[in-house]
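First comes the structure, then the notes that go with it.
The values are calculated or read from the model by the stated rules, or taken from the named source; none is laboratory data. Because the structure is a prediction, the values reported are computed rather than measured. Heads up, the Cβs are rebuilt from the backbone with ideal geometry, glycines too, and the neighbour counts pull from every protein chain shown.
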Amino acid sequence: MLFEPTAGSGKNSADLLAARRAADPQLAARLDQIAEHGYCVIEGAFTPEQVQRAKTELSPWLQGELMGRNNFEGEHSERVYALLAKAPAIAEMIEHAEVLAIVDALLTPNYLLSAALAINVHPGETPQPFHIDDNAGGTSSPKPREPLGVSAIWALDEFTRTNGATEIVPGSHLWADDRQPKSHEIEQVLMPAGSALVFAGNLIHRGGANRSDGLRLAITPQYCMPWLRQIENMVLAVPPETAAQYSERVQGLLGYSIVEPGFMGYVDGRHPRALIPAVP
Ligand SMILES: O=C(O)CCC(=O)C(=O)O
């Protein structure tokens, strides 16, 4: 194993993680699978009603107007950013207890929501370029290294062999940067709607080609170390008045939080939560 999950960092955390693993064998199995293969799948994480609620809230934004602008976003894919300013039901995915239990174990306390977007892959889409999600903004952080982030991909439609299911390269979170996947090392993640794929941010993956005549809708919340810049500028995407409707947990993930020691993240000398108006 390259990395030992940290349950929140600090050296005080090894005991906490051991206690969590002992109390929750399913969590322990998922962490073991991520350590070895780089990913796990939580089936049935969302009920059909939750899936439907998320789809209903997203539908105004999925009218074919927000198509990807390049090969990475996918010119036959819709991409909806700033999701927590548009579809509040997505918060249920972002703070899903089983997903956050995994993230708690792999990142340090006060980790952040780095990105949260919807990806609706249309028929005719080609495979995305292979990539990792936990880039470090141009700083030197060669692999193999610990993950700087954890990503989830929630299936709102079933992921099938033909509709653009995410493709992963199991074990590639342990690879050096210069190793490229060979075709026999690539696996499609086939999962029913309501499932969540959770993976180390340094796992090689991509969105698949859609050779079907249907859509493949997914939500991908991505979490990063508290000291790493978020991919999306979340406190601008979700300003205080909008953040007010969410739990303190979600507010903290957005960046209305302080990292100690250092009082990092203050605004005008105060905790950023002070800017969030009280909900009447
Ligand atoms: O749509 C997918 O299955 C994967 C998308 C992805 O990895 C990304 O855009 O970062």
Residue that is out of contact with any Cys (no Cβ under 6 Å at 6 or more places or on another chain), within 13 Å of the ligand (Cβ to nearest atom) and polar (S, T, N, Q), where the choices are 151, 183: 151
Enumerated helices (runs of 4 or more DSSP H) restricted to the stretch 179-280, each holding at least 1 residues that are within 21 Å of residue 153 (Cα to Cα) and without any contact (Cβ under 8 Å) to a residue 12 or more places away in the chain: none
Subset of the stretch 96-122 [closer than 23 Å to residue 158 by Cα, crowded, with 19+ Cβ neighbours inside 10 Å and over 12 Å from the mean Cα position of the chain (by Cα)]: 119, 120, 121, 122
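Yes/no matrix, rows are residues, columns are (1) of a type outside the set (Lys, Arg); (2) at pLDDT 95 or above; (3) farther than 24 Å from residue 82 by Cβ:
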{"residue": "127", "(1), (2), (3)": "yes, yes, yes"}
{"residue": "140", "(1), (2), (3)": "yes, no, yes"}
{"residue": "148", "(1), (2), (3)": "yes, yes, no"}
{"residue": "151", "(1), (2), (3)": "yes, yes, no"}
{"residue": "154", "(1), (2), (3)": "yes, yes, no"}
{"residue": "160", "(1), (2), (3)": "yes, yes, yes"}
{"residue": "163", "(1), (2), (3)": "yes, yes, yes"}
{"residue": "196", "(1), (2), (3)": "yes, yes, no"}
{"residue": "203", "(1), (2), (3)": "yes, yes, yes"}
Hits in the stretch 154-173 (condition: more than 10 Å from the ligand (Cβ to nearest atom), more than 17 Å from residue 222 (Cα to Cα) and assigned to a loop (DSSP other than H, G, I, E, B)): 157, 158, 160, 161, 162, 169, 170, 171
Hits in the stretch 131-148 (condition: assigned to a loop (DSSP other than H, G, I, E, B) and near the ligand (Cβ under 10 Å from one of its atoms)): 132, 133
Conditions (1) outside any loop (DSSP other than H, G, I, E, B); (2) away from the ligand (no atom under 16 Å from the Cβ); (3) closer than 30 Å to residue 13 by Cα: number failed by residue 109: (1)
Selection count where residues are in a loop (DSSP other than H, G, I, E, B), more than 20 Å from residue 232 (Cβ to Cβ) and without any contact (Cβ under 8 Å) to a residue 24 or more places away in the chain, scope the stretch 29-74: 2
Of all residues making up the stretch 84-95, the number that are within 13 Å of residue 152 (Cβ to Cβ) and touching a strand residue (DSSP E or B) at 6+ places or on another chain (Cβ under 7 Å): 3
